[in-house]
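Data first, discussion second: the structure below is written as C-alpha cells.
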Amino acid sequence: QVQVAESGGGLVQPGGSLRLSCTTSASAFSIYHMGWYRQNPGNQRDLVAHITSSGSITYADSVKGRFTVSRDNAKNTVYLQMNSLKPEDTAVYYCRARIGLIDYWGQGTQVTVSS
C-alpha cells in the first residue's frame, strides 16, 4: 500500500500564493504519474494539474498561467505552486499517485482564498 500525504494548504488572500507538497511512500516514485485534484462539497473532484513519469504536464484551463506542477523524484514529492490565487480556487486539494490502473489518494489539504 502506497501512502500519499498532502501538505501546504491554508488561508491566503486573493492574489496570494501557496505551494502544496505531496509526498509518497512509493518505492519507485519516478514511474508514477502524479496528479493534483480539487473538490468542493457537493461537487465532483476535478483535475487541476497532472505530471507523468516522463515529465509531460497538463493543466486545467482555469489554472493555466497561474499554477505550476513539478516533481522531485529524489524526494518522492510532487509540488503545486499556486500564484495569483482567486476565491474560486478555494477547495480541498488532493494528490493522486497512479501506476498502471491503480490509484492512491491522499487525505487532502484545504486551500481557502479569502480576504
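The values are calculated or read from the model by the stated rules, or taken from the named source; none is laboratory data. These figures come from a predicted structure and were not determined experimentally. Every residue, glycine as well, gets a Cβ built from its backbone with ideal geometry; the counts of neighbours run over all protein chains shown. Heads up: the accessible areas ignore ligands, DNA and RNA and are worked out on the full protein's heavy atoms, side chains in. Shrake-Rupley method; radii C 1.70, N 1.55, O 1.52, S 1.80 Å.
Structure above, values below:
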read-out: Considering only the chain, percent of DSSP beta bridges that pair antiparallel, nearest 5; value: 95
read-out: Ser114 paired with Ala60, simple spin-label distance in nm, labels 7 Å along Cα-to-beta-carbon; value: 1.9
read-out: Pair Ser30, Ser17: separation of 7 Å Cα→Cβ label points (nm); value: 2.9
read-out: Using a Förster distance of 22 Å, the FRET efficiency for Gln1-Leu47 (Cβ separation, nearest 0.05); value: 0.40
read-out: Share of carbon and sulfur in the accessible heavy-atom surface of the chain [1.4 Å probe, %]; value: 46
read-out: Average accessible surface area per residue within the chain, 1.4 Å rolling probe, Å²; value: 52
read-out: Whole-Å semi-axes of the ellipsoid equivalent to the range 22-115 (Cα gyration tensor, √5λ, descending); value: 23, 14, 12
